[in-house]
1. Give just the number: which of (1) of a type outside the set (D, E, K, R); (2) farther than 20 Å from ILE200 by Cβ; (3) at pLDDT below 50 does ASN257 not satisfy?
2. How many residues does region 155-194 contain that are of a type in the set (Asp, Glu), surrounded by 21 or more Cβ atoms within 10 Å (Cβ to Cβ) and either without any contact (Cβ under 8 Å) to a residue 60 or more places away in the chain or in contact with a strand residue (DSSP E or B) (Cβ under 7 Å, 6 or more places away or on another chain) (or both)?
3. For region 133-154, which residues satisfy the criterion of being of a type in the set (Ser, Thr, Tyr) and surrounded by 12 or more Cβ atoms within 10 Å (Cβ to Cβ)?
4. Would you say LYS139 is without any contact (Cβ under 8 Å) to a residue 12 or more places away in the chain and over 22 Å from the mean Cα position of the chain (by Cα)?
5. Among the residues of region 34-53, which ones are closer than 19 Å to LEU100 by Cα and buried (at least 18 other Cβ atoms within 10 Å of the Cβ)?
6. Among the residues of region 322-334, is there at least one that is within 28 Å of SER93 (Cα to Cα), of a type in the set (Phe, Trp, Tyr) and at pLDDT 70 or above?
7. I'm trying to understand the selection: among the residues of region 60-77, which are assigned to a helix (DSSP H, G or I), surrounded by 16 or more Cβ atoms within 10 Å (Cβ to Cβ) and at pLDDT 95 or above?
8. Could you tell me which numbered condition THR230 fails, if it satisfies all but one of (1) within 21 Å of VAL264 (Cα to Cα); (2) at pLDDT below 95?
Amino acid sequence: MWKHYDVCAWRCLMKITTDSFHGVFREVFTGYVEYKRSLGFGLSYSAITSLLKLNDYLEAYDPDEPVITREMAEGYIRQNEGKSTSTIHGCESRIRQVGLYMKNMGYENVYVYPEKHIKAASDFVPYIFSKGEMESIFKATDILTSENRKRYQFYQVEIRLLYATAMRVGETLSLRVKDVDFTSNVIKVNNAKNNVTRLIPFNESLRKWLLRGGNRDGDPDDLFFPSPRTGGIRNRLNIRNTFQNTILPKAGISIWNGKYRIRVHDLRHSAACAMLSHMIELGWDPYCALPYLSTMLGHKGIESTEKYLRLTQEHYDEIVNAGHYIYEKGLGNDNEEKE
């Protein structure tokens, strides 16, 4: 049983917010958090805490202005030696992302940790939903919407959009009314990851869902999926939690993939695999299909697409028998926080 002062101490710790950032880096970190949230990233308490620890680390050098030297960046990584691969990967990604943000904001004397040094967690394999599981997920969103239309209709449309287009969650949340062309049935994704802008066609079935659940009558620059509470961009954390804690259980699917939670981002992996499988069923050679799929996914080259894919169990045997080389575990690193 916790004593009263233990509970008070816990509550004090829970009050850590962006107001806790300090020193010459205060403006950097508050601006970075605002920037990430504007892109739809619902930074969790643990993410803010990790950034605060980085703030503390950098301030320990007692700089006169916000700077990140190579010594500071490498020292930040080195202090985590001996910890898990995923922890080191998180630190490398964090110091690199903050450095990139500072560079883009015009700060001088900023060392950007090289991307090639970042060690991805080797034991993580995304979950690939089967066709049957996707049907159960769609049905779950339909049932939830019938029970509470105001709360769940967005998810009824969002899940279908994610699976039909393999878009990233942040990309769907950033869509503007002008980006969804119902005349040509094309979605324009502007300046996404890798500064890639791409066009994604959609069929009549998805068109009906978008007309039903999107802000089709808004001004051109209005968000297509605005938050009903604020009118601004929706919180990705709420979407993650609803998918994991409400939709998956309703669909009868465990939220765990080994030691990792199944993420809403796994819909993108699943969609990519389903697209490749469909192309192969139509007689395409996988390596002829990859350039098309690469464009659809917004990758810079087919190498990323090649590593991004693994196949669902239901299609694995037929493709191996056809003599095609398949990457089972190699997956493109979207460099997005595990959800």
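The values are calculated or read from the model by the stated rules, or taken from the named source; none is laboratory data. Keep in mind it's a predicted model, so treat the numbers as computed, not measured. Every residue, glycine as well, gets a Cβ built from its backbone with ideal geometry; the counts of neighbours run over all protein chains shown.
1. It is condition (3) that ASN257 fails.
2. So the count comes out to 1.
3. Hits for region 133-154 are SER136, THR141, THR145, TYR152.
4. Judged against the criteria, LYS139 is not a match.
5. First, the residues of region 34-53 that are closer than 19 Å to LEU100 by Cα: 34-41, 43, 47-48, 50-53.
LYS36, GLY40, PHE41, LEU43, LEU51, listed by residue number.
6. no
7. MET72, ALA73, TYR76
8. (1)
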